[in-house]
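Since the structure comes first, as structure tokens, the remarks are kept for the end.
The values are calculated or read from the model by the stated rules, or taken from the named source; none is laboratory data. What you are looking at is a predicted structure, and each value in this text was computed from that prediction instead of being measured. Glycine gets a Cβ as well: all are built from the backbone with ideal geometry, and neighbour counts include every protein chain shown.
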Amino acid sequence: MIRNLQRSLPGVPWVAPAVLLLLTLTIYPLIYSVKVSLTGPAGFSLAHYARLVQDRFFLQALTQTLLYTAVALSIEFVLGFALALLIDSLAHGRGFFRAGLLAPMLLPPVVVAVIWRLIYNPQFGVLNGMLRGFGVNTSALTWTSGEGSALASVILVDVWEWTPFLFLLLSAGLQALPQEPLEAARLDGASAWQMFRDIVLPMLKPVIVLAILLRAMDLLRIFDQIFILTQGGPGFATETVSLYIYRTAFRFFNFGYAAAMSFLGLALTVAFARSLMKVMRVAR
Amino acid sequence: MRACWCVVAMMVLAGCGNEPPALTIAINAGVEGDALKAAAAEWGARNRTRVDIVELPYANLFEKELLDLTSRTGAYDIIMMDDPWFPRMAENGQLAPLEKQPDADFLTSCLDVCREPYSTGAFYALPYVGNSQLFFYRKDLFDKHGMAAPATWSEVLAAGKKIGAAEKMFGYVMRAAPGNAVITDFMPLFWAFGAEMFDSSGRASVASPEAIECVRFMLELGKYSPPGYTGFNADEVSGHLLQSTAVMSINWPAWIAAMDDPARSKVVGKIAFTQVPSAGRKGVAELGAWLLAIPAGSKNKARAADFLFWATTPEQMKEAALRGNPPTRRSVFLDPELRARFRAFPAQLASLETARPRPRTPLWNEIENAFGIRISQANAGSISPQEALQRANQEIEAIVQRAK
Amino acid sequence: MRAAVKYALALVALAVAVAPVYWLVTISIKHDIDQFAVPPLWFRFQPTARHYVEIFGDGNLARSLWNSTFVASVSTMLAMLLGVPAAYGLERLRWPQDWSRKIGFWILSTRMLPPIVTIVPLFLMLRGIGLLNSRLGLILIYTTFNLPFVVWMMQGFFHEVPRELEEAAMMDGDSRMGALVRVVLPVTKPGLAATAVFCLIVAWNEFLFALILTQTSASTTLPVAIASRVTQYEIKWGAMSAAGVVAMVPVLVFAGMAQRYLVRGLSLGGVKG
């Protein structure tokens, strides 16, 4: 029988170890999480999911996560694309610039958070230090420790850290573009903008979709940097869904509710990914 | 491929030969933990064993310890905890009971929070750091304006207005960053106004008329506080005192040393320390003791108990006091050498003797979080005091109900 | 003229990307008194190594540096050892209908699970088998983290290799495994390098799982050790920065060495999706 299987499915032994490991380390956790999310004090209950609907803190965390994702993603995409076009159009030193520009995304997120604490600290940070050097009164510039400015400040960190990722993917996409259509258009007297809009953009579409998708998925579960920079504070100003889940699970020790929130988050992420793919397919 | 496996095997083997330490202690990263760290090093040297220190920031310390306790991993032999965490940590037999009763030299207020149930039950911890709030004020300026130390909150407000205007300073500074910070500064005010978080039947009662009056008063006080105080934590509050930009505040004893340190302070010798002011009721300070306990899952309980009792002997506690920790023993507070060195000791002892702990509930972290966000919002002006307290009341009640 | 503007813009972007990193390095080698000078000192200051001496003084950071190195390298090797054959099997061997695509997609989809969903049950699982607070536990977790990525990337690379190569080798009497090792892998070396470097970086940088699953210096990795130094009240800037530099240098060195492959690897494995 085994020999039979071997003949009809020769790939199984190659794939089995990896699949088995992944199965054990993902299926059990998944089942466990579903179970605790559906367990109340007296057995089966939908209480955790019912609570989601009326939890104002969760709603706020969700709104902030979406805002964070939308703003960071737009800025990173535009900047990353502009940089990719800029570097691609240089005659010399492309490799040099590319290497330098990639540095932020390679750093451990913890180190990124440490760096920005050195920069943002209202009293001792280099940012306010430089501004004071220019004679600016910095007493109101509290960056991550001000309730009004904290979210914008952590978004800025994200932009610094992850624009390189979009730059990298889009650069690679630009490099892989076939040259003939561009040459032909140039001979036809098309302007740079026309060429970009009518040729480059459509041809890059798969790369763009992929880049946005990958980045959005990471943004929707943003955790590390905010955890170290602000722990979601001041107050609730930079609380995202992941942080709120973390707080619920490990500070309030309510695993069931944390799991329920995670599944809602997962559902939203998947829905977002699907609709993005659909939109892109229709546009194509 | 084969080379790869060899390297993997070698590294796995190399990773195994690590002798476990005799004792592993989880401590708070900060002043309170530093003294314990030094004590642990000394104990290790005396007993010729390795003591492993796990130093964690305040919030993460709670998470790590509770995770260890609830799942009995036995990773830590001694844990250092803030006293409001105790009811949560002592649940379900997660802490090992002490074999010996602590002696009567420890202050009762500090011992009470080491018992489960509160003040009557068995002992599961020993108090290591005797923190309780003090009222910090600029004695030089009060003298200059012919005013006595404020005994009531209305005197605080009046002095804040007068001295603040005359000296171009902020009359009062408080921390109102949501969460632990704002609640810490709010509780003594709340209690002085006669409000209580829970009524006699255990239901949330934070929206009482006394509580509303109290938040209104807090907003009034806020008018004389620096802009942005709704985002302040302990360091910002202390910064304003140190830089001589604020006249009064409530603070922890840990900051006393900084006030008299010429390298950091512009107000050396100018600040005096007194008891928390009264209002309808007599003012009481909030207790913020740090306790040491042994997890039930520890594999070195006997050794841990040995260290625990050794580190809290009068001699060792005096050492800790010299390293900057407020003691929890009366005899150490009365030690002449220490009294000569720490001028706030009499005030600290008086405050600590009457200090009141935060409500003893395993849900405190979650309650404090919800309450803190609302009180902070009221201070920021985004909702009215009444609305803030009503929402907080609903949320606290929901937290309590959910746990039932 | 236009070229000059372009280079100027590129330089500005480069400065914005690199200056914060440079600032971290300067703080780590500045005396305390120079750290907060106004205006900030970017170049002229007396360097010192004392923060580095300090952080390695108590042995805890050195231990977590070793933990990180150990965990990152072993988990990368494991992920490659399991993932490369899987990728090859999916890409080259016969599967009924579109099983190969489906299995590949399932493997990839395990990466979409939010870590927060799996972390509590994983904690309980590791505790059950006595691997909590151990490097081996982290290695297992990081291996599953990186496996989908390895499979996905390597499938792309294997796809590029002409089938005739290994068929020729098998005609000469090699087994499939022999053909893979002797013929296919050498051709895909750049892809292997890029994939391995990526796994290394992911494992080296990972924070959340290490935060929850490690408890003492026996297993604490570098990111967790650094995070625990970032206290709210008293910030030891020099020591914190020095620890940051220690965590950052290996990643940059690695990425620098594999840079040629990195962009290529990504543009193949990543962009083709």
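Of all the listed residues (A:ALA258, A:ALA271), the sole one being at pLDDT 90 or above and in a helix (DSSP H, G or I) is A:ALA258.
Among the residues making up region B:55-79, those that are touching a residue at least 24 places away in the same chain (Cβ under 8 Å), under 15 Å from B:SER298 (Cα atoms) and either away from chain C (no Cβ under 11 Å) or aliphatic (A, V, I, L, M) (or both) are B:LEU69, B:ALA75, B:ILE78, B:ILE79. The helices (runs of 4 or more DSSP H) located wholly in region B:328-404 that include 2 or more residues which are crowded, with 16+ Cβ neighbours inside 10 Å occupy B:330-333, B:345-354, B:364-380, B:385-403. The set of residues from region A:41-80 being surrounded by fewer than 17 Cβ atoms within 10 Å (Cβ to Cβ), β-branched (Val, Ile, Thr) and either touching a Leu at 6+ places or on another chain (Cβ under 7 Å) or within 14 Å of chain B (Cβ to nearest Cβ) (or both) comprises just one member, A:VAL53.
Is it the case that some residue within region A:240-259 is farther than 25 Å from C:PHE123 by Cα, surrounded by 18 or more Cβ atoms within 10 Å (Cβ to Cβ) and in contact (Cβ under 8 Å) with a residue 60 or more places away in the chain? No, region A:240-259 has no match at all. Could you please let me know if B:TYR118 is within 30 Å of B:GLY93 (Cα to Cα), among the aromatic types (Phe, Trp, Tyr) and assigned to a strand (DSSP E or B)? Criteria not met by B:TYR118. Just to verify a result, which residue in region B:34-52, among those that are surrounded by fewer than 22 Cβ atoms within 10 Å (Cβ to Cβ) and aliphatic (A, V, I, L, M), is farthest from C:LEU222 (Cα to Cα)? Residue satisfying both the conditions and the ranking: B:ALA45.
Only one of the listed residues (B:ALA296, B:ALA311) is at pLDDT 95 or above, over 18 Å from B:PHE106 (Cα atoms) and not basic (Lys, Arg). That residue is B:ALA296. Just one of the numbered conditions (1) farther than 30 Å from B:PHE86 by Cβ; (2) among the small types (Gly, Ala, Ser); (3) surrounded by fewer than 18 Cβ atoms within 10 Å (Cβ to Cβ) is not true of B:ALA122: (1). Pairing residues of region A:84-112 that are without any contact (Cβ under 8 Å) to a residue 24 or more places away in the chain and facing chain C (nearest Cβ under 8 Å) with residues that are surrounded by fewer than 19 Cβ atoms within 10 Å (Cβ to Cβ) and among the charged types (D, E, K, R), at Cβ distances under 8 Å and at least 6 apart in sequence or on separate chains, gives A:LEU86/C:LYS6; A:SER89/C:LYS6; A:LEU90/C:LYS6. Looking across region C:86-99, the residues that are farther than 20 Å from C:THR76 by Cα and at the interface with another protein chain (Cβ under 7 Å from one of its Cβ atoms) come down to C:LEU90, C:LEU93, C:ARG94, C:TRP95. As a summary of the residue check, C:ASN146 satisfies the conditions (1) more than 7 Å from every other protein chain (Cβ to nearest Cβ); (2) under 30 Å from A:TYR32 (Cβ atoms); (3) not in a helix (DSSP H, G or I) except for the one numbered (3).
Tallying residues that are within 7 Å of another protein chain (Cβ to nearest Cβ), in a loop (DSSP other than H, G, I, E, B) and at pLDDT 75 or above within region B:1-54 yields 2.
Scanning region A:117-133 for residues that are among the hydrophobic types (A, V, I, L, M, F, W, C) and either within 30 Å of A:LEU201 (Cβ to Cβ) or within 7 Å of another protein chain (Cβ to nearest Cβ) (or both) yields A:LEU118, A:ILE119, A:PHE124, A:VAL126, A:MET130.
Here A:GLN175 meets the list (1) surrounded by 16 or more Cβ atoms within 10 Å (Cβ to Cβ); (2) touching a residue at least 40 places away in the same chain (Cβ under 8 Å) almost entirely, failing just condition (1).
The set of residues in region C:128-142 being within 19 Å of the chain's Cα centre (by Cα) and facing chain B (nearest Cβ under 10 Å) consists of C:ARG135, C:LEU136, C:ILE139.
Answer yes if at least one residue in region A:148-168 is farther than 30 Å from C:VAL197 by Cβ, at pLDDT below 90 and surrounded by fewer than 24 Cβ atoms within 10 Å (Cβ to Cβ), and no otherwise. Yes, that holds for at least one residue.
Residue under question is A:ILE27, and the condition is that it be surrounded by fewer than 16 Cβ atoms within 10 Å (Cβ to Cβ) and in a helix (DSSP H, G or I); does it hold? The answer is yes for A:ILE27. Criterion first (touching a helix residue (DSSP H, G or I) at 6+ places or on another chain (Cβ under 8 Å), without any contact (Cβ under 8 Å) to a residue 24 or more places away in the chain, at the interface with another protein chain (Cβ under 7 Å from one of its Cβ atoms) and crowded, with 21+ Cβ neighbours inside 10 Å) does C:VAL74 satisfy it? For C:VAL74, the condition - touching a helix residue (DSSP H, G or I) at 6+ places or on another chain (Cβ under 8 Å), without any contact (Cβ under 8 Å) to a residue 24 or more places away in the chain, at the interface with another protein chain (Cβ under 7 Å from one of its Cβ atoms) and crowded, with 21+ Cβ neighbours inside 10 Å - is not met.
Among the residues of region A:196-206, those identified as modelled with pLDDT of 85 or more, out of contact with any Lys or Arg (no Cβ under 7 Å at 6 or more places or on another chain) and not aromatic (Phe, Trp, Tyr) are A:ARG197, A:ASP198, A:ILE199, A:VAL200, A:LEU201, A:PRO202, A:MET203, A:LEU204. Number of residues in region C:202-228 that are among the β-branched types (Val, Ile, Thr), surrounded by 24 or more Cβ atoms within 10 Å (Cβ to Cβ) and assigned to a helix (DSSP H, G or I) equals 2.
For every residue, the table says whether it meets (1) within 20 Å of the chain's Cα centre (by Cα); (2) within 9 Å of chain B (Cβ to nearest Cβ).
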position	(1), (2)
A:ALA237	yes, yes
A:TYR244	yes, no
A:PHE252	no, yes
A:ALA267	yes, no
A:PHE272	yes, no
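Exactly one residue among C:GLY244, C:GLY256 is more than 10 Å from chain B (Cβ to nearest Cβ), farther than 20 Å from C:VAL150 by Cβ, modelled with pLDDT under 90 and out of contact with any His (no Cβ under 9 Å at 6 or more places or on another chain), and that residue is C:GLY256.
Filtering B:GLU63, B:GLU99 for residues that are out of contact with any Ser or Thr (no Cβ under 8 Å at 6 or more places or on another chain), among the acidic types (Asp, Glu) and assigned to a helix (DSSP H, G or I) leaves a single hit, B:GLU63. Would you check if B:PRO87 is touching a strand residue (DSSP E or B) at 6+ places or on another chain (Cβ under 9 Å) and part of a loop (DSSP other than H, G, I, E, B)? No; evaluated as a whole, the condition is false for this residue.
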